[in-house]
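Q: This is the structure, below, for whatever I ask next.
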Amino acid sequence: MKQFRRHALAAAVSIAALGATAALTAAAAQDQADMILTNGDIVTPKGSVQAMAVERGVIIGLGDASAVDKYKTGKTKVIDLKGATVLPGLHDMHVHPMGAGLAQLQCRFPQGSSLATVQKTLAGCVKEHTKGEWITGGQWDATSIGSPPNRAMLDKVAPDNPVVLTDISGHSAWANSKALEVAGVTAKTPNPPGGIIERDAKGEPTGVFREAGANMVRSKVPPATPEQNVKALKWALHKMLSYGITSLTDAAVGEDNMAAYDELSKEGELKQRVVGCIMWRPSALTGGSPMFETAIQRRNLYKTARFSPSCIKIFLDGVPTDGHTAAMLDPYADAKNPKGPRAKGLLMMPQKVLSRAVTRFDKEGLTVKFHAAGDAAVHEALNAIEAARKANGPSGNLHDPGHNSFVKMSDIKRGRALAATFEMSPYIWYPNPIIPDIKKAIGPERMKRWIPVKDAIDSGALVVPGSDWSVVPSVDPWLAIETLVTRQKPGGGGEVLGAQERITLKQAMDMFTVNSAVLMKHRNLVGTIEPGMLADLVVTDRDPYKIPVTDIHNTKVKMTIINGEVVYRADSD
Ligand SMILES: [Zn+2]
């Protein structure tokens with residue numbers, strides 16, 4: 001009897017479903033397009049088509065002009081693409097837009113600057129500041145400076161202003177004597193947890209601070225005003241639209257960032273789909289500061305249609321450069337004492353603390369993004385994800401170790417098995433000023449699998465890209481798409497960095513579209529151009545699939561569309 005009822009019910013359901021299908025087909029004939037794109041090269045998973053119809057932000061028709069013509073009404077906006085290419089909107093899964101905007105106001109010198117250039121630029125900045133006013137800026141690297149940086153070099157041109165300059169990794173700070181005086185840092189000041197104060201032979205601070213050490217100085221710089229924050233964020237998001245970035249993960253937000261997103265939402269100026277990662281540090285490392293917990297509890301006060309603070313950011317280590325702050329499983333190649341306490345870098349958090357935190361956040365439905373550059377940090381992140389899976393089962397949160405400069409092969413396979421995501425960043429998979437520092441510190445053998453994008457993709461794991469702008473100077477995704485394929489300087493030629501980790505163009509494009517949409521839990525909305533998907537699109541002057549790969553970095557975006565709304569036009573910018 002029971003069995004029969006179930007069958008009868010199933011039959012009734014399928015009859016109802018048939019009825020609904022018929023009704024939908026009838027309704028489809030009456031669909032009216034708000035926008036039609038025509039005469040284009042629209043790249044869909046089934047090949048290129050010429051035209052697209054969009055209704056209330058949704059793609060309702062794809063095909064040749066006649067196929068979408070039936071959706072046209074007197075009110076339909078028709079855009080003639082004049083042969084331009086249309087691709088799915090691009091994603092950047094690790095970016096710091098507000099910081100990038102605020103950096104515009106700082107004392108800036110080009111990456112790779114010599115000491116003379118740094119001093120000359122700083123001298124100019126001093127003239128624009130009153131005595132005693134803070135000067136912040138960047139970005140320096142030890143190799144280009146020529147010798148280890150010290151505060152006397154800055155004192156020479158800036159004796160009366162506190163100065164703090166960030167390096168090209170964003171993990172080290174170079175301060176002058178005035179800044180040390182204001183911060184109260186002397187020979188007697190101990191290293192803070194998770195940080196280092198570099199010292200000379202006499203034990204005096206040199207002016208260089210690593211990781212959490214940098215906060216000792218940076219925390220004395222007066223914060224930007226809420227108005228400056230909003231302006232900076234707006235500038236940076238517009239810049240990203242101009243490159244076709246329609247979705248992003250803001251990789252480190254506090255309440256100041258969340259308030260700025262909230263304000264832009266209110267003004268109708270937040271166009272992209274944004275996930276925000278709230279910075280978290282356990283109280284043991286912050287001296288009991290409740291700041292991070294407060295931000296986590298208040299997060300949904302800032303949630304809007306386009307901004308979702310549903311991610312937590314945890315720093316596990318630093319960077320594999322001269323400061324040796326990335327946590328490695330084996331000692332640095334140039335470690336002064338291979339058996340010493342700092343030979344393998346700096347792991348910032350005990351495993352137990354991390355595993356407990358990740359298990360908790362996973363249970364609360366939050367995705368965790370880790371800063372994990374060294375293979376020991378990635379290993380620790382995966383251990384924590386494993387602990388969370390054991391405690392909570394599959395949660396659908398595809399937690400992502402970020403950067404992954406070095407990852408043991410066994411950990412790539414483990415990451416795949418644990419449904420972790422590898423977020424490969426920053427855009428340094430081609431020769432640039434930070435590379436000599438990394439090579440020197442790590443040695444040639446481990447550089448062969450540096451940022452193992454192909455190993456991760458081949459394992460079947462989810463792999464996404466992140467720019468880490470403004471740690472890197474450009475947020476241009478076209479530059480990254482080309483160099484993921486070539487691993488050479490833009491335009492090709494010269495050295496190939498980590499040749500065995502080169503991937504195909506299709507794999508690179510997937511990283512920037514479908515894969516990232518999966519991580520953001522937006523795959524049912526965006527990532528491909530298909531009927532029923534949202535119209536998040538980028539219109540470009542060339543089709544990356546039809547040109548030499550070494551030309552992709554020259555791609556110019558003509559138009560960016562989000563949810564059927566034209567949010568950027570090159571010709572009116
Ligand atoms: Zn970052």
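Yes/no matrix, rows are residues, columns are (1) assigned to a strand (DSSP E or B); (2) within 28 Å of ALA517 (Cα to Cα); (3) in contact (Cβ under 8 Å) with a residue 60 or more places away in the chain:
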| position | (1), (2), (3) |
| --- | --- |
| ASP31 | no, yes, no |
| ILE36 | yes, yes, no |
| ILE42 | yes, yes, yes |
| SER66 | no, no, no |
| GLY74 | no, no, no |
| HIS91 | yes, yes, yes |
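Q: Also: Of these, ALA388, ALA377, ALA357, ALA335, which one is assigned to a loop (DSSP other than H, G, I, E, B) and small (Gly, Ala, Ser)?
A: The conditions single out ALA335.
Q: For the stretch 373-395, which positions are more than 20 Å from GLY460 (Cβ to Cβ), within 16 Å of the ligand (Cβ to nearest atom) and hydrophobic (A, V, I, L, M, F, W, C)?
A: If the condition is that a residue be more than 20 Å from GLY460 (Cβ to Cβ), within 16 Å of the ligand (Cβ to nearest atom) and hydrophobic (A, V, I, L, M, F, W, C), then ALA373, ALA377 are the ones that fit.
Q: Of the residues in the stretch 403-432, how many are away from the ligand (no atom under 15 Å from the Cβ), assigned to a loop (DSSP other than H, G, I, E, B) and small (Gly, Ala, Ser)?
A: Matching residues across the stretch 403-432 total 2.
Q: Still on this structure, please answer the following. So which of MET533, MET509, MET559, MET520 is over 30 Å from SER459 (Cβ atoms), open to solvent by less than 50 Å² (accessible area, probe 1.4 Å) and of a type outside the set (S, T, N, Q)? Lay out the reasoning, then the answer.
A: Numbers: MET533 fails: over 30 Å from SER459 (Cβ atoms); MET509 fails: over 30 Å from SER459 (Cβ atoms); MET520 fails: over 30 Å from SER459 (Cβ atoms).
One residue alone meets the criteria, MET559.
Q: Taking the condition in contact (Cβ under 8 Å) with a residue 60 or more places away in the chain, on the phi < 0 side of the Ramachandran plot, open to solvent by 50 Å² or more (accessible area, probe 1.4 Å) and out of contact with any strand residue (DSSP E or B) (no Cβ under 7 Å at 6 or more places or on another chain), does PRO436 pass?
A: In short, yes.
Q: While we're looking at this one, here's another question. Looking at LEU382 and the list (1) in contact with a helix residue (DSSP H, G or I) (Cβ under 7 Å, 6 or more places away or on another chain); (2) in a loop (DSSP other than H, G, I, E, B); (3) at pLDDT 95 or above, which single condition is not satisfied?
A: Unmet condition: (2).
Q: The conditions are (1) more than 16 Å from the ligand (Cβ to nearest atom); (2) within 30 Å of SER144 (Cα to Cα); (3) among the hydrophobic types (A, V, I, L, M, F, W, C); (4) assigned to a loop (DSSP other than H, G, I, E, B), and LEU398 fails exactly one of them. Which is it?
A: (2)
Q: In the stretch 85-102, what count of residues is obtained for those that are open to solvent by 10 Å² or more (accessible area, probe 1.4 Å) and away from the ligand (no atom under 15 Å from the Cβ)?
A: Residues flagged as open to solvent by 10 Å² or more (accessible area, probe 1.4 Å) and away from the ligand (no atom under 15 Å from the Cβ) within the stretch 85-102 amount to 1.
Q: Name the single residue that is farthest from the ligand (Cβ to nearest atom) among those in the stretch 477-498 being open to solvent by 20 Å² or more (accessible area, probe 1.4 Å) and farther than 21 Å from ARG449 by Cβ.
A: Looking only at the stretch 477-498, we keep the residues that are open to solvent by 20 Å² or more (accessible area, probe 1.4 Å), and these are 479, 485, 488-491, 493-496.
Narrowing the set further to residues that are farther than 21 Å from ARG449 by Cβ leaves 479, 490-491, 493.
On the way: LEU479: 17, PRO490: 22, GLY491: 27, GLY493: 29 Å.
Here the residue is GLY493.
Q: Let me ask something else about it. Where residues in the stretch 163-221 are of a type in the set (Gly, Ala, Ser) and assigned to a helix (DSSP H, G or I), which of them is farthest from the ligand (Cβ to nearest atom)?
A: Let us first name the residues in the stretch 163-221 that are of a type in the set (Gly, Ala, Ser), namely 169-170, 172-173, 175, 177, 179, 183-184, 187, 194-195, 201, 203, 207, 212-214, 219.
Going one step further and asking which of them are assigned to a helix (DSSP H, G or I), we end up with 177, 179, 183, 212-214.
Details: SER177: 29, ALA179: 23, ALA183: 24, ALA212: 15, GLY213: 18, ALA214: 14 Å.
Checking each candidate, the answer is SER177.
Q: Run down GLY460, GLY393 and say which single residue is farther than 27 Å from LYS336 by Cα and without any contact (Cβ under 8 Å) to a residue 24 or more places away in the chain. Walk me through it before giving the result.
A: Details: GLY460 fails: without any contact (Cβ under 8 Å) to a residue 24 or more places away in the chain.
So the residue among GLY460, GLY393 that is farther than 27 Å from LYS336 by Cα and without any contact (Cβ under 8 Å) to a residue 24 or more places away in the chain is GLY393.
The values are calculated or read from the model by the stated rules, or taken from the named source; none is laboratory data. It should be emphasised that the depicted structure is a prediction, and the values quoted were computed from it without experimental measurement. Reconstructed Cβ throughout: ideal geometry from the backbone, glycine too, with neighbour counts over all protein chains shown. Each accessible area value is taken on the protein alone, full model and side chains, heavy atoms only, with ligands, DNA and RNA left out. Shrake-Rupley method; radii C 1.70, N 1.55, O 1.52, S 1.80 Å.
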